[in-house]
Amino acid sequence: MSSSGELHKRRLSAVAKGVGSVVSAYVDHAAGGTLTDVDGREWIDFASGIAVTSVGNSAPRVVEAVRAQVERFTHTCFMVAPYESYVAVCEQLIALTPGSFEKRAALFNSGAEAVENAVKIARHATGRPAVVVFDHAYHGRTNLTMALTAKNMPYKHRFGPFAPEVYRAPMSYPLRDGGLSGAEAARRAIDVIEKQVGGSNVAAVLIEPIQGEGGFVVPAPGFLPAIAAWARANGAVFVADEIQTGFARTGQWFASEHEAVEPDLITTAKGMGGGLPIAGVAGRAELMDAVHAGGLGGTYGGNPVACAAALAAVETIRELDLCAAAQRIETAIRGALSDLDPGVAELRGRGAMMAIELVLPGGTEPDPTRTAAVSKTCHDAGLLTLTCGTYGNVLRFLPPLVISDEHLGRGLGILRDALRT
Ligand code: PLZ
């Protein structure tokens, strides 16, 4: 087998430079909380492939379900010849997402595609053009979702022009908005929407209940409910982008539940598929069913192999009670990182979606240099961590929910050492 060094050389003359990688080690195999590279080195996984492998890599049920499905049939296209597992995944989405109202769902391939479709549905159902998003938001890399995403580098730079009718409102970011309460931050956002867009023009208000790429920003309590209430009162569709937060990651099936918010539509992907590419939009039947027959779809959306994996992932989350596991991971992380230096402005997040924001001591000036250095030290010691944040100064921890106490503890030890050096 080739070494990582050899593979990297091949990559340079085969893979486009625009596609990056966090580490230069190439993976050979992976399990519940570790990856092993082709050079035989074991890594502790605090990334889960960006919040995807919540049930672990090659989770037994997922492997079994995929193997069985591949042998029966690999693809028919649901729009050509339908099959049961697509319907079953939609039933699960309807049952698991918050909201006791009548729902429908549809399946897609990626998070960005789910977001695009949620916007299509909201515009079609309301007959309105405008989409409201927030500072620090991340919703994808397609043309419409680039417009919805806040950060220029690396996501948008020189990739425009972008889709029109996208408006950005200020987010509740307790560390950086002078400690506005949820209600005050919502008032500030609603003022912008009402003055700059007009309530009756808004098709959708789209928000991540905890922001992901933008820095694991947890809005102040009351912010999400107030924004959702405004949307309802103004006939706009409240869309929760739960692509990163969904499927037990934050200690509930969906992060909206922490504040008892019932979104009109929810977008899901990542943890949903147990490692296979699948995404969904689920929500109010009258919105979902407003779209004419044939108006939603795609060749691969809800591919049977991905559906089999999703059903197995859901079963695994239920059976192993991975919501409780995520809560235990939060407790362990909070315990290990409670006494850090003044350069750590905040430890925040929910469940197994936790982060620290690094600043220059004595203020809140972001410290992306130290963030990158700590991350690099972790990598050198065999811990796979990711950074995020508008200012590149947030270290985030997204272990698989099935990670062992031993691997979690070792990973946190490496992290503490890296913060001390
Ligand atoms: N919405 C909330 O977190 C994907 C992107 C990594 P796709 N986040 C990881 C990168 O640099 O491309 C994400 C998300 C939220 C939408 C998406 C988009 O999901 O499956 O990557 O299209």
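The values are calculated or read from the model by the stated rules, or taken from the named source; none is laboratory data. Owing to the predicted nature of the structure, the values given are computational and were not obtained by experimental measurement. Reconstructed Cβ throughout: ideal geometry from the backbone, glycine too, with neighbour counts over all protein chains shown. Note: accessible area is taken over every heavy atom of the protein model, side chains too, but ligands, DNA and RNA are not part of it. Shrake-Rupley method; radii C 1.70, N 1.55, O 1.52, S 1.80 Å.
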Give the residue, chosen from 85, 21, 58, 48, that is surrounded by 12 or more Cβ atoms within 10 Å (Cβ to Cβ), of a type outside the set (A, V, I, L, M) and either free of Cβ contacts under 8 Å to residues at least 40 places away in the same chain or within 30 Å of residue 295 (Cβ to Cβ) (or both). 85
If I ask for residues that are charged (D, E, K, R), open to solvent by 20 Å² or more (accessible area, probe 1.4 Å) and out of contact with any Pro (no Cβ under 9 Å at 6 or more places or on another chain), which ones from segment 214-259 would you list? 232
Of all strands (runs of 3 or more DSSP E) completely enclosed by segment 254-367, which ones contain at least 1 residues that are among the polar types (S, T, N, Q)? 265-268
Number of the exception - residue 207 against (1) within 16 Å of the ligand (Cβ to nearest atom); (2) in contact (Cβ under 8 Å) with a residue 12 or more places away in the chain; (3) open to solvent by 30 Å² or more (accessible area, probe 1.4 Å); (4) out of contact with any His (no Cβ under 8 Å at 6 or more places or on another chain): (3)
Got at least one residue in segment 177-200 being within 16 Å of the ligand (Cβ to nearest atom) and closer than 26 Å to residue 97 by Cα? no
Yes or no: residue 157 in contact with a Gly (Cβ under 7 Å, 6 or more places away or on another chain), modelled with pLDDT of 95 or more, within 16 Å of the ligand (Cβ to nearest atom) and not hydroxyl-bearing (Ser, Thr, Tyr)? no
What about residue 352, is it in contact with a helix residue (DSSP H, G or I) (Cβ under 9 Å, 6 or more places away or on another chain), crowded, with 17+ Cβ neighbours inside 10 Å and farther than 17 Å from residue 218 by Cα? no
Within segment 266-283, is there a residue that is farther than 30 Å from residue 402 by Cα, modelled with pLDDT of 95 or more and not hydroxyl-bearing (Ser, Thr, Tyr)? no
